[in-house]
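Take a look at the structure below.
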Amino acid sequence: MTQTPTPTPALGGSGRISLTLTREVTCIRSLAWRCDLPVATRWTALAGELAAAGLTPRATQAGVFRFGTATGDEVLFVATTGRVQFRVHYTVPHHERKFAAERLFQILVYALFRL
Amino acid sequence: MTHETPAASVNRVKIPNACITCHTDRTNAWATDALRGWSTSARDAECEFALTPATIHAAKPAIDEAIVRRHVVPAVRGLDEDRIVQISNGLLEFMRGVAGDERGLVAAFNVFVAAHLPGYYNETVYEAVHRVERTMADSVPAIEALMREAGQVCVFSTFGNVLLSPEWEGLVGPPTGVPTDVMSFCTAIARGLGFGHWLIAEYQPHKRLVIQCTSTYEVPFYRSRYGLAKKPRSYFVQGAALAMMVLAESVQWTERPQLTNNYYVELFRSQPRYRVEQTKCLMRGDAMSELVVEAL
């Protein structure tokens, strides 16, 4: 799944960026998914937008921001590298995990639109 | 051989059952139900699932802090010590904020890990090895190789996935693929996750690695339960040291490899190949444990 947010200085670039959702290399049965954002993203503002979208912020450790959903999914991002990981809860049936990851990805993309 | 039933895992010891370490998307309750569906004829008479009566364990001493302290020798500095200390302290700090889910599994560092009772591992390994030594001496090399491979698989899967995880990326940075970095990182992970105080005594890329340990979680158990060993018995660290050499030398970390079973087989069967020898062992009464890995 690929989405292209509109130009925004918050993403640190002058033009459009393309975001791609892929399986994590260490994915355990489609539970972990990944996309990468520009390092120059305004991470604190993005964190605020994700919280406004209904995600629950969890403790930030070693530069890793973590958010949870009501159903136990997680979104993590590493501010120093721009890596974003979507962790689908293990109770989500295997065939629905891709769609659960896409829903998390959409939340992220719409949060970026609002920056 | 007996195994802890899922019901016992849920009700008695509150740890994840072995079933759900493979069926990672399932619960102890699921495993309990699934086992009910097994027909009696499908069960191996030598491998029945049954609760181990508590009375069997009653006479065995608990491994308390005093026993652990008795068998731990003062830490020694190794190569790249300052960086290893800094990273392992960061990992310890990180782990304080991590909790298990309702199954007892911790989803972190790209893996599901269990906050495992070391005594469970120790008893499984050493009782099995001793039983084979007593009853089928010809098979001792085979079971020792299996126990060694358990350490090898653990380092490949767990340490490897830690190195590729976002948590590690935040703590240390993305993987560089520099062999000396990988070696130091694995040593820090071992300390941070509580495997013991491991240190790098010598490392010549592509040739030789010497890992020393002033503590491992097997030693207090073994010494208090069985006394001095007659031969080196740190099977886990033997396999781990060999796997660290392979991870440092043969994995292209910057390409973010998927650490699958197939890749494991390919990696450990391809060239260059290494052998490991344990030259010193705390369980045998030596001043520390030492593992020497050399290219074949």
Please list 3J(HN,Hα) in residue order for segment B:85-102, calculated via the Karplus relation 6.51 cos²θ - 1.76 cosθ + 1.60 where θ = phi - 60°; whole Hz, with x for glycine and proline.
4, 4, 5, 5, 5, x, 5, 4, 4, 4, 5, 4, x, 9, 10, x, 7, 5
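Quick check on segment B:157-218: what does the Kirkwood estimate of hydrodynamic radius come out to from the alpha carbon pairs, in Å?
Kirkwood radius, segment B:157-218: 12.4 Å.
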Amide H to amide H under 5 Å from residue B:78: which residues, 5+ apart in sequence or cross-chain, H placed 1.01 Å off N in plane?
B:200
Where nothing but the Cβ of Lys and Arg (+1) and of Asp and Glu (-1) is charged, how large is the charge dipole of segment A:6-114 around its Cα centre, in debye to the nearest 20?
80 debye
Pairs of Cα atoms under 8 Å, at least six residues apart: use those to get the relative contact order of segment A:6-114, whole percent.
25 percent
Counting all C-alpha pairs of segment A:33-81, share separated by more than 18 Å (%):
25 percent
Taking the convex hull of the alpha carbon atoms in segment A:6-114, what volume per residue do you get, in Å³?
95 Å³
Please list 3J(HN,Hα) in residue order for segment A:93-107, calculated via the Karplus relation 6.51 cos²θ - 1.76 cosθ + 1.60 where θ = phi - 60°; whole Hz, with x for glycine and proline.
x, 3, 6, 9, 5, 4, 6, 5, 5, 5, 5, 5, 4, 4, 4
Under Karplus coefficients 6.51, -1.76 and 1.60, residue-wise ³J(HN,Hα) of segment B:184-192 in Hz, glycine/proline x
5, 5, 5, 5, 5, 5, 4, 5, x
Amide H neighbours of residue B:274 under 5 Å, at least 5 residues apart or on other chains, H built in the peptide plane: list them.
B:296
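Read-outs: derived from the displayed coordinates by stated rules, not from any lab. Since the model is a prediction, treat every value here as computed from it, not as a measurement. Glycine gets a Cβ as well: all are built from the backbone with ideal geometry, and neighbour counts include every protein chain shown.
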